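Here is the structure we will look at, set down as structure tokens.
The values are calculated or read from the model by the stated rules, or taken from the named source; none is laboratory data. None of these values were measured; they are calculated from a predicted model. Accessible surface areas use protein heavy atoms only, side chains included; no ligands, DNA or RNA. Shrake-Rupley method; radii C 1.70, N 1.55, O 1.52, S 1.80 Å.
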Amino acid sequence: MNARGFSLTELIVVIGLISTLVAISTISFNSWQKKYNIEAQVKEMLVDLDGVRLSAIQTKKQHTVVLNPTSYTVWRYSSEADLVGTQVFSKSLKYPIQQFSKGALSDFSNPKIAFDDRGYTTNLLTIAVGAGLADPAYNCLGIHNARVNMGKITGDNCVF
């Protein structure tokens, strides 16, 4: 460098280095953001499913969650004779959900989770959220008779 400032070559090298660092950090940030959003969606679904279970217990009425790849809807039924039900809420999902069984992903074969008036269900399944995207700490939910667990898909199963 001489007393008059930077040469054109020095300026181009510095701009190239800064561009490379910005590109790397942007890629890393996007991956981190996708990972965080998948984890947030799993946690939100866990809270909603636990809330539906508790609502079924508190109101002594059957509640059903209808699952779709990009959304889910919660219905409340006033009695066993009530075939129509009342929609409690519906939620759209940012990342798709799929059924996970024996190491394979598939579309939902039984898209309903029915909680009886005691909060129990017989619709046992595992839900994968954003499968194959990023590497989140949590990306699956296991629906059991009396609880919902959050876990991570590793190999052929969802580890809670």
Counting pairs of alpha carbon atoms under 8 Å apart in space and at least six apart in sequence, what relative contact order in percent does segment 34-150 give? 30
Calculated P(r) of the chain - Cα pairs past 25 Å, %: 44
Carbon and sulfur together cover what percent of the accessible area of segment 1-147 at a 1.4 Å probe radius? 58
What value, in deg cm²/dmol to 500, does the helix sum -39500 (n - 2.57) over DSSP H runs of n ≥ 4 give at 222 nm once divided by the residues of the chain? -12000 deg cm²/dmol
Which one of ILE24, ILE38, ILE15 has the biggest mean-square fluctuation once the chain is modelled by GNM with Cα springs under 10 Å? ILE15
At a probe size of 1.4 Å, how large is the accessible area of GLU10, to the nearest 10 Å²? 70
Quick check on segment 11-100: what does the Kirkwood estimate of hydrodynamic radius come out to from the alpha carbon pairs, in Å? 16.4
Quick one: Karplus J couplings for segment 123-140, per residue in order, coefficients 6.51, -1.76, 1.60, θ = phi - 60°, nearest Hz, x for Gly and Pro? 8, 8, 7, 10, 10, 9, 10, x, 4, x, 9, 6, 9, x, 6, 10, 8, 8
Taking only Cα atoms of segment 39-79, what ratio of Rg to Rh do you get with Rh as the Kirkwood inverse-distance radius? 1.02
Under a 1.4 Å probe, what is the accessible area of segment 56-151 per residue, stated in Å²? 54
For the chain, the longest principal axis of the Cα atoms and the Cα long axis of helix 8-59 enclose an angle in degrees, to the nearest 10, of 10
